[in-house]
Amino acid sequence: MSQVPDSSEFSQSRSEQSLHISEFVHRFGDQLRAISAWASISLPFLYLPLLFTGLNTVTQTIAFLLLLSLNALMIHLWRLK
């Protein structure tokens with residue numbers, strides 16, 4: 001039979017994951033901010049043509065919403081400190 005981990009093992013693995021994420025951000029934070037800054041500046045050049053031609057199809061609307069969401073995420077990552 002397989003053992004079910006108890007809550008202390010689960011919380012320990014959660015804290016280890018948090019440590020790995022914070023280590024990643026500490027190590028690559030400057031590069032991540034630089035990439036997200038340039039991405040947030042350049043992404044509007046991709047979705048503005050969609051707006052000018054019109055969002056006539058479902059595919060165009062989904063593409064626009066995905067690009068807009070990605071742009072919002074990039075702005076958020078850029079502003080992290």
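The values are calculated or read from the model by the stated rules, or taken from the named source; none is laboratory data. Everything quoted here is computed from the prediction, not taken from an experiment. We place every Cβ from the backbone using ideal geometry, glycine too, and count neighbours over all the protein chains shown.
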Subject >> Single match in Leu70, Leu77 (criterion: of a type outside the set (Asp, Glu), modelled with pLDDT of 90 or more and surrounded by 12 or more Cβ atoms within 10 Å (Cβ to Cβ)) >> reply: Leu70
Original post:
Which residues, counting only those in segment 55-67, are surrounded by 14 or more Cβ atoms within 10 Å (Cβ to Cβ) and not aromatic (Phe, Trp, Tyr)?
Top reply: Leu55, Gln60, Ala63, Leu67
Subject >> Residues that are among the hydroxyl-bearing types (Ser, Thr, Tyr) and within 17 Å of Ile41 (Cα to Cα), drawn from segment 51-69 >> reply: Ser69
Subject >> Subset of segment 38-60 (residues that are farther than 27 Å from Arg79 by Cβ and not aromatic (Phe, Trp, Tyr)) >> reply: Thr53, Gly54, Leu55, Asn56, Thr57, Val58, Thr59, Gln60
Original post:
Which one of these is assigned to a helix (DSSP H, G or I) and modelled with pLDDT of 85 or more: Leu65, Leu55?
Top reply: Leu65
Original post:
How many residues does segment 39-50 hold that are assigned to a helix (DSSP H, G or I) and surrounded by 12 or more Cβ atoms within 10 Å (Cβ to Cβ)?
Top reply: 8
**OP:** Tell me, yes or no, whether segment 9-21 has at least one residue that is at pLDDT 90 or above and either among the β-branched types (Val, Ile, Thr) or not in a helix (DSSP H, G or I) (or both).
**Re:** no
